[in-house]
Each structure stands twice: as C-alpha cells, then as structure tokens.
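Peer 1: Have a look at this one before I ask anything.
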Amino acid sequence: MSAQDLLKSLRDNTPLVHCITNYVAMNIAANVVLAAGASPAMVHAPEETADFTPICGALTINIGTLSTPWVESMVASARTAREKNVPWVLDPVAHFISDYRKDAAQKLMALRPTILRGNASEILAMAGETGAGKGADSGDSVGAAQAAATSLAQEYGSVVAITGPVDFVTDGAQSANVAGGSDIMPKVTALGCSQTALMGAYAACGPAFDAALATLAHFKVAGAKAAQHARGPGSFQMHFLDALYATTPDELTGVIRA
Amino acid sequence: MSAQDLLKSLRDNTPLVHCITNYVAMNIAANVVLAAGASPAMVHAPEETADFTPICGALTINIGTLSTPWVESMVASARTAREKNVPWVLDPVAHFISDYRKDAAQKLMALRPTILRGNASEILAMAGETGAGKGADSGDSVGAAQAAATSLAQEYGSVVAITGPVDFVTDGAQSANVAGGSDIMPKVTALGCSQTALMGAYAACGPAFDAALATLAHFKVAGAKAAQHARGPGSFQMHFLDALYATTPDELTGVIRA
Amino acid sequence: MSAQDLLKSLRDNTPLVHCITNYVAMNIAANVVLAAGASPAMVHAPEETADFTPICGALTINIGTLSTPWVESMVASARTAREKNVPWVLDPVAHFISDYRKDAAQKLMALRPTILRGNASEILAMAGETGAGKGADSGDSVGAAQAAATSLAQEYGSVVAITGPVDFVTDGAQSANVAGGSDIMPKVTALGCSQTALMGAYAACGPAFDAALATLAHFKVAGAKAAQHARGPGSFQMHFLDALYATTPDELTGVIRA
C-alpha cells in the first residue's frame, strides 16, 4: 500500500491510537498524531488496558520513563494487542542504560511487536551488540545497525525501522530507505518518540512495512519543510507540527527509496 | 458578575489553582493559566492535599491519565474542597472508555463538583446515555447533550459546561451559549483540559455559572485571534497563548449569548 | 572558569544530565538542555539510578510534583551522586506548601547538593525563615533572601543561586549577580525548573560557582533576545529555545557582575 494511500486512509479514518509513552513525550506525541490526522489516547492504567486496547486501531509502547506499574501495564497491553490482532509498535528508548530497562525491553520484545522502531544504538543493543549510545541520542550510524535490524526482523517476525539521517526499514526480506528531514530534529526532544506514536496510526491503516515507511516519509517531508522556516529548535518544533498537518499524500512519494 | 469583571479580578488577584490533571495536559494547562493571568499549581501527592487544597482559590480535577494513587488523591482533594468551600471543577475525560475510568468519574461526580466541564460525548455518558465518543474527541454534537447537561445540573447542583463549536452552559435553571473560536482547536492536544484548569481560576473569582461563561468566552476570543495568524496546529498553540495573555476584559462581551 | 569557556566546553562535550524533574517541566526542560547544547535524560525509576547516575555528568532534582516512590528515587540518586562525585543540583519547588514537601526538601538538602537553586521565597524557607510565597511563584525579592542564601551556602557547603529579576549566586565566601532577561519569563511555566536541568549540564563542565553563573547568564542573554521578538508567553517560549541555541559563548560576558 503506497504511502500516499496510507496518509489518505489515516485522514479519512482518524484511527484511535493507544499510546503508552514517556512523560517527556506525551504532549508532543499527542500533538504529532493529531497534526498528522489521527486520534491519540494516552492511557496507562493496567485496569484499563483490557477494555481499551482492543477498541484501538493500534498500540504504541515507548519505555522512555519507566516504573514497575508502567512496565506491567506495557506488558499487559502488548499481550492484549497480540491476542486481539491489534498492531503494536515498540520503541525501546535507551534500553541499554540499566539492567532494569534492558529487562523491560526484552520482555516486550518477546511479545513480538509488529514494528520495532529505534535509533541505531538501540537496535544494535537489542540484537545483543555493543554500540556507542550513552543516553537517548544515538552514538552509532544507521548503516552500522542494518545487519542487526535484518536479523531482528527475521528472528521476531517484526518490521524493524532504524531512524537517523537516512532511515532504514526491513521486514527481514525486503528493505528500503527514507531520506530527507533536517539536522535540527535531534535538538527537539521526543520527536523520535512522537514518530513511534504516529507509526501506530499508520499501522492501523495498512501493512506494517508500508506503514513504517509512510510514517518515516511523513516525518522527513515535514522536517525538511519546517527547516526552511526554523531559526532554531523552538521554531522548528512549531513549524514541524504545521508541516505534518499541511503535508499532502502526494508529497510522500519522493523520499522513499526501495 | 460580568465576564469583564471576572477577568479583571483574575488578573488583579492571580488566584492559586490546585490542578490535578493528566500528563499530556500538565505543561500546556499551566501555560494557559499563567498566560490568562492566574497561578497554577500541579500537585497530586495524597500527602499534600489536606495542607494545600484549602489555601487555593480553586481545585480542578481532570481524569485523562489515571492510576490508583491518583484516583485516591483526586477523591481526597475533592472532599477537602467541598469541606472547605473551595470551588472545584471536574473534567471527566473519556470516562466511558473503560469500567475503571467510569468508576473514577462516578466517585468524583458524587462529590458534586461546582462545575462539570466536558465535551458532548462525555456529558451524555455522565447522564447515563450512549454517545458516539471513542477517545478524547467528541463524537456527538453539543445540541444533542443539552438536555443531559440540564438534568445533571439539577441532580448534582453543579454548573455544567459542554464545549464544542458553540459551547453551552447551564446551572439547571438558566443557560447560555458561547460562540467563536476556531476549527483548529481540536487539533491541539489538551486545550480542553487546559480550559478546565483556567475555569478553576475564574471560579476562584466569582459565581460558578458566570465563571464558566467567562472562561469559555476567553477561550473563544483568544482562539479566534490565534486562528487569524496560525498556519497549522503548531503555530496555533503559540498564538493562542499569546492571545490569552493579550485579551482585554472588554473583548469578552461579544461572544456570550443568554 | 569563565562563562564563555564553560559554554564552549558544554557544546564540545554534550554532557549527559540525569534529570528527575516534575511532570510539568519534563518536556521544556529537555528542550532547554538540548537547545543549549547538552544531552538530557529523564530517568526516575529507583531500579535504574545505581546504574545510571554514575555514568552521567550531573544529576538534577526538582521536587515540583512529588509522590512516595519519586522521593525515594530522588534520595537514592542524590546519595549515589555524592558517593560517585557526580555534581548535583537541587530545586526545592514550593517546598513550604505542605509538611510532606518540606520533609522531602529537608532530606535532599541534608545530602548537600552541589548547587541549590530556587526563587527568593524558596531560599528563605529553606533557611527556616518565613516568606510571602504561596505557590511556585516567588512572593519575595531576591535581595531579601541574600543573607539566607549565604548562610545556607556556609552551612551545607553548597553553591546557592537565587533567581529573580537580578539573580544572586554565593558559595558562602564570594558572590555575584546576573542581570538581564525579561519580565515575561515568569509567565512561561517551568522555565526555572528547566534552568535547574541546564545548571546540571554546566556543573558537569566546571566548578559549581562558575557553572551556576554561566547558566544564569545563558538564560538572561537568551531571555533578553527572545523578548525582542515575543508577542506574549507563547511566542516567548519559542524564541527563547531558539535563542538558547543561538547564543554564543562571547555573549555571556556582559551580564555577570562580581
């Protein structure tokens, strides 16, 4: 399914996306999903997930800020998503910085996310390799993590997306790249986390591999537009939301390369 | 008390507003209250509420993101507010999406909020009717929920405000509408939640029915102004905060219709 | 170490800053640290701190929104920071509004923060004096709290920074002021909290007294620049992030007075 058709479908159907994300990202992630055209719902109570996850178009889980009850809620929601065939996206933020976080990421990965999205350091660490990441920012190049992404995709049956200056997506058999965006994007906090939330919205509209690509394309196109008007990370964030909102389906064509 | 006089009083007295709100809304709600001219305080520890609620001009409770300790804190704070005659506002965000959330909303409603604020789907569900809401966005028209609002107002002794393209406020006897704003407001997350926080600030300055109307008027006026300059939801949010700050008391006159 | 050299070092080394801050501040604090040139990490799980705090350049703790597990995490992280010689900054937001908050602030203060940063009301209350603060906004002048700051610095061996229209910094022996900024800064929520996070980044690059001054200077310079373009608190926040990003080391010279 083409990125154009996916964006049209997203705006026609405004899928409800169940997001369990970190405290830093909650507001901007909701704004990104709304600006793109879907409907975010930040819900984390373990008492709610059995009722709520099944009525959503997708679930997205980001482990940026963790605590015991949240990890329980993430695991329960991911399980519900699998049982009810709700596509779900995992964003294992900086999972290599502590044993606690590593365990949480492993538990979630074992539930075979529909899509795994991370930066190069996160994807390398998920495949058991040692990268140069120290916090939430990547210390490794996208290229260095491509083999790890492919083997993760094959082992878990997940689509794996590595984000960076040029994004890489694989389902273990086929792969593609997405280019564009702006150097300033890593200077705005939680844009990657917000992308995970939006990837859920796209995954609610079509096949996972195509949905991952369309999300990345939407970000790259909007990022490039925003950069034309931005004078720093503050104005970039504002223009980026405006650009996500204004991007037309046809604009997504040029940035994806199989 | 007129909306003009209420805004003057709000800016002269900068009432302290105790806000227990969701993680998505916390930052923008605080910015909305500050921009309008009052003083927000996001405090949720159950250990603090007995000390803190009584020294505030108002309490506002929004159930957007719930967990067991937060529900306890909400209930304790609402109880304290009632005992100490501190006006309080309830925002039962999407309370129909799970039994857990429904129970929390019912417990709080039983404590008879000074003002109940919600979208049409939320007000319908609070009155036991079935609406078309699926997440935080309304699936029903304001008009369809007016009878429900009136009967809730009569049953609980609360002022009830339904927000939408044209807002409706009732205390069970009298009612009024507020028109204006902008289509783009629902594309910015948590503006409704932020309005609840601001409604607390106004409720600290005068009678509940008038305070609800003044809040809605302030939002409609600022929203219309922001829309003149916005190029999408990102710039709308920025211009909206600027407009809340710049709005003069006299500008509130034109948008309220009894 | 001069403010210029500190900002150069911060941008060259992009120190990782472990931030335990309140829900209102998380996003803007991360954006402030990123825009200035360092790398924020919002991590609060008690299970992570022993692994994470020691690999960071600094720790910052802000008590704006508290709960029992967070207080435990703050205390454990501050202890780890002291043991591992990681500089740490304490921001005792409105610690006088409840006994619970007062106890938390006292426990943390007893762990002798490298830098204590607060507004005048917070510093007065920390020294056991009664101020006019009611919420997160100061009700007292910076001048009225200078003696309290000096005696706290001497008692705890901390650098103490009082922020306000003209900031004051002391290590108990020497002191300095920082002037500039804009009247509109208190109308944007959590800028003070964000400054605490940035102060951690500077403290990772040089001596605490110099780091506190450089942080305050960076804020005053960026604030004054942003005010030139802002039309209210919404646009101020955007321009402020852009200005933090664009500020050059040489611009920090003019605003510090010994």
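Peer 1: Go through (1) free of Cβ contacts under 8 Å to residues at least 24 places away in the same chain; (2) over 24 Å from A:P46 (Cβ atoms); (3) within 14 Å of chain C (Cβ to nearest Cβ) for B:A58 and report which single condition fails.
Peer 2: B:A58 satisfies every listed condition except (1).
Peer 1: Also, I was wondering about something else. Can you tell me which residue within region A:100-121, out of those that are away from every other protein chain (no Cβ under 14 Å) and in a helix (DSSP H, G or I), is farthest from C:H44 (Cα to Cα)?
Peer 2: A:A120
Peer 1: I'm checking my understanding of the structure. Among residues of region C:194-222 that are in a helix (DSSP H, G or I), of a type outside the set (D, E, K, R) and more than 13 Å from the chain's Cα centre (by Cα), which one is farthest from C:V178 (Cα to Cα)?
Peer 2: Among them, the one singled out is C:A222.
Peer 1: Report the residue count in region A:134-145 for those that are out of contact with any Leu (no Cβ under 7 Å at 6 or more places or on another chain), open to solvent by 20 Å² or more (accessible area, probe 1.4 Å) and either under 26 Å from A:A25 (Cα atoms) or part of a loop (DSSP other than H, G, I, E, B) (or both).
Peer 2: So the count comes out to 5.
Peer 1: List pairs: first in region C:93-111 and closer than 19 Å to C:D140 by Cα, second of a type in the set (V, I, T) and open to solvent by less than 10 Å² (accessible area, probe 1.4 Å), Cβ under 7 Å, 6+ apart or cross-chain?
Peer 2: As it stands, the answer is C:V93/C:I63; C:H95/C:I63, since those pairs meet every condition given.
Peer 1: Continuing with this model, one more query. Let me spell it out: the conditions are (1) touching a residue at least 40 places away in the same chain (Cβ under 8 Å); (2) open to solvent by less than 20 Å² (accessible area, probe 1.4 Å); (3) not hydroxyl-bearing (S, T, Y), and A:V43 meets all of them except one. Which number is the exception?
Peer 2: (1)
Peer 1: Related question: If a residue must be over 18 Å from B:A41 (Cα atoms) and either away from chain A (no Cβ under 14 Å) or not in a loop (DSSP other than H, G, I, E, B) (or both), how many such residues does region B:61-70 contain?
Peer 2: Qualifying residue count for the region: 2.
Peer 1: Do you know which of the residues in region A:182-199 that are hydroxyl-bearing (S, T, Y) and away from every other protein chain (no Cβ under 12 Å) is most open to solvent (accessible area, probe 1.4 Å)?
Peer 2: Per the criteria, the residue is A:S182.
Peer 1: Restricting attention to region C:213-232, report how many residues are open to solvent by less than 10 Å² (accessible area, probe 1.4 Å) and among the aliphatic types (A, V, I, L, M).
Peer 2: Matching residues across region C:213-232 total 5.
Peer 1: Determine if region A:108-118 includes at least one residue that is open to solvent by less than 40 Å² (accessible area, probe 1.4 Å) and either small (G, A, S) or touching an Asp or Glu at 6+ places or on another chain (Cβ under 7 Å) (or both).
Peer 2: Yes, that holds for at least one residue.
Peer 1: What's the total number of residues in region A:165-181 that are on the phi > 0 side of the Ramachandran plot and open to solvent by less than 30 Å² (accessible area, probe 1.4 Å)?
Peer 2: At the first step, the residues of region A:165-181 found to be on the phi > 0 side of the Ramachandran plot are A:172, A:180-181.
Checking the rest, the ones that are also open to solvent by less than 30 Å² (accessible area, probe 1.4 Å) come to A:172, A:181.
The number of residues fulfilling the criteria is 2.
Peer 1: Sticking with this structure for a sec: Across region C:233-258, which residue is most open to solvent (accessible area, probe 1.4 Å) among those that are within 14 Å of chain A (Cβ to nearest Cβ) and not in a helix (DSSP H, G or I)?
Peer 2: Of everything passing the filter in region C:233-258, C:T248 is most open to solvent (accessible area, probe 1.4 Å).
Peer 1: Are any residues in region A:6-39 open to solvent by 10 Å² or more (accessible area, probe 1.4 Å), more than 7 Å from every other protein chain (Cβ to nearest Cβ) and not in a loop (DSSP other than H, G, I, E, B), and if so, which ones?
Peer 2: Those that are open to solvent by 10 Å² or more (accessible area, probe 1.4 Å), more than 7 Å from every other protein chain (Cβ to nearest Cβ) and not in a loop (DSSP other than H, G, I, E, B): A:K8, A:S9, A:R11, A:D12, A:N13.
Peer 1: Condition (residue is facing chain A (nearest Cβ under 10 Å) and open to solvent by less than 10 Å² (accessible area, probe 1.4 Å)) applied to region C:71-94: is it met by at least one residue?
Peer 2: yes
The values are calculated or read from the model by the stated rules, or taken from the named source; none is laboratory data. All figures in this text were calculated on a predicted structure; none of them were measured in a lab. Glycine gets a Cβ as well: all are built from the backbone with ideal geometry, and neighbour counts include every protein chain shown. Note: accessible area is taken over every heavy atom of the protein model, side chains too, but ligands, DNA and RNA are not part of it. Shrake-Rupley method; radii C 1.70, N 1.55, O 1.52, S 1.80 Å.
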